[in-house]
Amino acid sequence: MEHRWSNRSQHHDWHTQGNFSNINSMQLETFHTELANLTGAFVTLLVMIDPLTTVPVYMTLTDRFSEEHRRGICRKATLIALIVLTVVALVGIKLFTLFGITMPAFQIAGGILLLMVGISQVNEVRSKVNRSEQAESYDRDDITVFPLATPLLAGPGAISTVILLATKANGWLRITELIIAIAACMLAAYATLRAAKYLFRLLGTTGLNLFSRIMGLLLTAIGVQFVINGMRDVLPLLAVAGGL
């Protein structure tokens, strides 16, 4: 009798341990999936913003300011860019419904835009601020909003990238991860701008251009992937429409 009860107890313990093991395995897999999504969003957005390409313009525009003033400019500009991109992440998708734009259509259009930006960056013809805008900035006492926050940090490319990433964020967890990725990118941008003087001395113009081209190559691949994703979603719809 005691032996039979002991066997039942051991079987129950093994069953319970198996359930806990399955639960832990599922939780670990979920954690890895969400971590990969967060990392992917961060890398994609950081490559698009590419704070290093902002360093030469930033140094030129802030050369007349004191160190304390430059610190304030960096802090305010990255905060404004963070707010802009966060708002886009939260309400950008709702614009699709308003204008009747489908997700695959924007994925293809946004992917082409990223592809063009990446190619121009590889060929070293990309400029976030044109000459007239840069000349206008010399006469400004406050360059925080323009041109530093936008378009240097939160320009059309970054906004489009955030909307593209938001289209894949199904649920508030993914939206939260996207906002965390945006905040991490702005923190990286702040650190880069604060260290701009030392980075320029260390890397020089050639080093910054080389790094920018590598980022452009990655951005080109990301743009192609977005186009592929959009085509993969739209082709079945075209096949159905063709069958009708």
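The values are calculated or read from the model by the stated rules, or taken from the named source; none is laboratory data. Every value quoted in this text rests on a predicted model; they were computed, and no experiment measured them. Quick reminder, even Gly has a Cβ in these numbers, built from the backbone with ideal geometry, and neighbours come from all protein chains shown.
In table form, for the structure just shown:
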{"read-out": "Any hit, segment 191-208, residues being part of a helix (DSSP H, G or I), touching a helix residue (DSSP H, G or I) at 6+ places or on another chain (Cβ under 9 Å), in contact (Cβ under 8 Å) with a residue 60 or more places away in the chain and under 16 Å from Ala158 (Cα atoms)", "value": "no"}
{"read-out": "Qualifying positions in segment 85-116 - of a type in the set (Phe, Trp, Tyr) and surrounded by fewer than 17 Cβ atoms within 10 Å (Cβ to Cβ)", "value": "Phe96, Phe99"}
{"read-out": "Checking Ala188 against (1) modelled with pLDDT under 90; (2) assigned to a helix (DSSP H, G or I); (3) touching a Phe, Trp or Tyr at 6+ places or on another chain (Cβ under 9 Å); (4) over 20 Å from Gly110 (Cα atoms), the condition it does not meet", "value": "(1)"}
{"read-out": "Options Gly110, Gly100, Gly92, Gly18; residue that is within 16 Å of the chain's Cα centre (by Cα), at pLDDT below 90 and more than 29 Å from Asn209 (Cα to Cα)", "value": "Gly92"}
{"read-out": "Residue under evaluation Cys185, criteria (1) closer than 27 Å to Leu115 by Cβ; (2) more than 16 Å from the chain's Cα centre (by Cα), criterion not met", "value": "(2)"}
{"read-out": "Single condition Leu235 does not satisfy, out of (1) surrounded by 13 or more Cβ atoms within 10 Å (Cβ to Cβ); (2) of a type in the set (A, V, I, L, M, F, W, C); (3) out of contact with any Phe, Trp or Tyr (no Cβ under 7 Å at 6 or more places or on another chain)", "value": "(1)"}
